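The values are calculated or read from the model by the stated rules, or taken from the named source; none is laboratory data. Just so it is clear, the structure is predicted and the values come from calculations on it, not from any experiment. All Cβ positions, even for glycine, are placed from backbone atoms using ideal geometry, and neighbour counts span all protein chains on display.
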């Protein structure tokens with residue numbers, strides 16, 4: 001496995017497992033009034049203004065193109081914090097976006113612009129470089145407090161200058177979910193601003209909740225979601241194949257407190273049970289930093305796919321599983337060797353060419369349920385606006 005994946009996951013675990021660590025020497029705050037400190041803002045030609053066209057690959061091998069467009073008049077906002085992708089040389093990234101930051105926005109966030117106005121701040125994230133150095137004689141320190149403070153400052157700037165009382169969805173993956181977890185705990189949970197939270201999508205992370213309860217772990221007043229019309233709630237999960245469950249050394253799905261467990265909210269069936277995943281998979285592979293198997297042909301004989309994304313209706317289902325292995329989103333692939341469509345997907349982390357079960361399907365946590373999440377946010381946005389109108 002490349003060190004890229006180690007960076008994504010270890011930093012995420014560090015943010016979730018502990019509160020913000022002691023700060024390193026103070027650095028100047030970012031000026032979030034400067035448009036250059038944002039990857040995405042509404043109405044700009046930026047990292048969110050990218051092609052999201054999709055090829056729908058049916059089980060019979062039929063290909064159909066699905067177009068996409070942003071909604072400039074979306075009724076709510078989305079605030080996204082990206083995972084550990086920076087290849088900058090220091091322990092924390094600079095404020096100049098590289099292709100890795102813009103690409104992860106393309107695959108994890110830009111599609112949400114069809115249901116909400118997109119906001120995605122740059123922040124001085126802990127880098128992959130710092131994690132790579134951990135096993136060397138010259139480790140590079142990453143300042144996690146700096147990363148948190150940047151996101152907090154961006155959030156507060158957004159609230160003061162952009163929000164105007166609108167509902168907002170918080171979206172993160174991996175390190176991004178870890179930072180947002182702390183922002184919610186410190187800045188939102190139980191405070192007046194909580195009334196503006198449509199939902200929080202904390203993906204590819206371990207979010208602790210008491211066994212059998214929705215609040216009382218990471219958050220005291222922000223429950224888990226159980227319906228698409230429920231607002232002010234959280235969706236959190238870490239995904240694993242049904243055929244490759246979390247091993248003893250799993251990085252996700254477990255917490256140390258025996259009275260708590262990792263939250264698992266199935267975006268394909270918020271009320272419980274199994275549901276079909278409406279995945280938007282990258283046509284050429286997982287497309288975020290990591291080591292994964294080479295992409296396979298989507299149909300046999302192979303046909304040209306000229307869109308950046310592929311959807312595979314009926315191929316994937318998911319359910320939340322709680323057992324001795326942990327609490328996680330179990331993903332089942334329903335391949336049929338008789339039909340011409342591929343019988344599997346890529347996205348497993350590989351170590352020396354072998355699947356490393358401890359990481360699950362972390363590379364495609366967001367891809368797997370993108371369509372489900374978009375649908376949920378659309379319904380939550382409508383419910384939020386309706387509830388707000390009734391209360392006025």
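Go through region 104-132 and report how many residues are over 15 Å from residue 146 (Cα atoms) and modelled with pLDDT under 95.
Matching residues across region 104-132 total 4.
Given the criteria out of contact with any helix residue (DSSP H, G or I) (no Cβ under 6 Å at 6 or more places or on another chain), farther than 21 Å from residue 28 by Cα and surrounded by 19 or more Cβ atoms within 10 Å (Cβ to Cβ), does residue 117 qualify?
Answer is yes for this residue.
Here are some conditions: (1) modelled with pLDDT of 95 or more; (2) crowded, with 20+ Cβ neighbours inside 10 Å. Residue 95 meets all but one. Which one does it not meet?
(2)
Residue 381: modelled with pLDDT under 95 and either farther than 30 Å from residue 69 by Cα or surrounded by 19 or more Cβ atoms within 10 Å (Cβ to Cβ) (or both), yes or no?
no
Mind checking which residues of region 73-92 are in a loop (DSSP other than H, G, I, E, B) and either under 20 Å from the mean Cα position of the chain (by Cα) or modelled with pLDDT of 95 or more (or both)?
Result: 73, 74, 75, 76, 82, 83, 84, 85, 86, 87.
Scan region 309-361 residue by residue and report those that are loosely packed, with under 14 Cβ neighbours inside 10 Å and in contact with a strand residue (DSSP E or B) (Cβ under 6 Å, 6 or more places away or on another chain).
344, the sole residue that qualifies.
Among the residues of region 98-114, write down those that are surrounded by fewer than 24 Cβ atoms within 10 Å (Cβ to Cβ) and either assigned to a loop (DSSP other than H, G, I, E, B) or in contact (Cβ under 8 Å) with a residue 24 or more places away in the chain (or both).
Across region 98-114, the qualifying residues are 98, 100, 101, 102, 103, 105, 106, 107, 111, 113, 114.
Would you mind finding the one in 335, 347 that is modelled with pLDDT of 95 or more, part of a loop (DSSP other than H, G, I, E, B) and under 30 Å from residue 249 (Cα atoms)?
Step by step, each of 335, 347 is checked, and only 335 is modelled with pLDDT of 95 or more, part of a loop (DSSP other than H, G, I, E, B) and under 30 Å from residue 249 (Cα atoms).
Does residue 47 qualify as being under 23 Å from the mean Cα position of the chain (by Cα), buried (at least 16 other Cβ atoms within 10 Å of the Cβ), modelled with pLDDT of 95 or more and over 30 Å from residue 128 (Cβ atoms)?
no
Please give the number of the condition residue 222 fails out of (1) in a loop (DSSP other than H, G, I, E, B); (2) surrounded by 15 or more Cβ atoms within 10 Å (Cβ to Cβ); (3) in contact with a helix residue (DSSP H, G or I) (Cβ under 7 Å, 6 or more places away or on another chain); (4) touching a residue at least 40 places away in the same chain (Cβ under 8 Å).
(4)
Residue by residue, here is whether (1) on the phi > 0 side of the Ramachandran plot; (2) without any contact (Cβ under 8 Å) to a residue 60 or more places away in the chain; (3) surrounded by 24 or more Cβ atoms within 10 Å (Cβ to Cβ) holds:
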{"residue": "143", "(1), (2), (3)": "no, no, no"}
{"residue": "181", "(1), (2), (3)": "no, no, yes"}
{"residue": "190", "(1), (2), (3)": "yes, yes, no"}
{"residue": "201", "(1), (2), (3)": "no, no, yes"}
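Scan region 154-162 and tell me whether some residue there is out of contact with any strand residue (DSSP E or B) (no Cβ under 6 Å at 6 or more places or on another chain), in a helix (DSSP H, G or I), surrounded by 18 or more Cβ atoms within 10 Å (Cβ to Cβ) and touching a residue at least 24 places away in the same chain (Cβ under 8 Å).
yes
Does region 240-259 contain any residue that is in contact with a strand residue (DSSP E or B) (Cβ under 6 Å, 6 or more places away or on another chain), surrounded by 15 or more Cβ atoms within 10 Å (Cβ to Cβ) and part of a strand (DSSP E or B)?
There is at least one residue in region 240-259 that is in contact with a strand residue (DSSP E or B) (Cβ under 6 Å, 6 or more places away or on another chain), surrounded by 15 or more Cβ atoms within 10 Å (Cβ to Cβ) and part of a strand (DSSP E or B).
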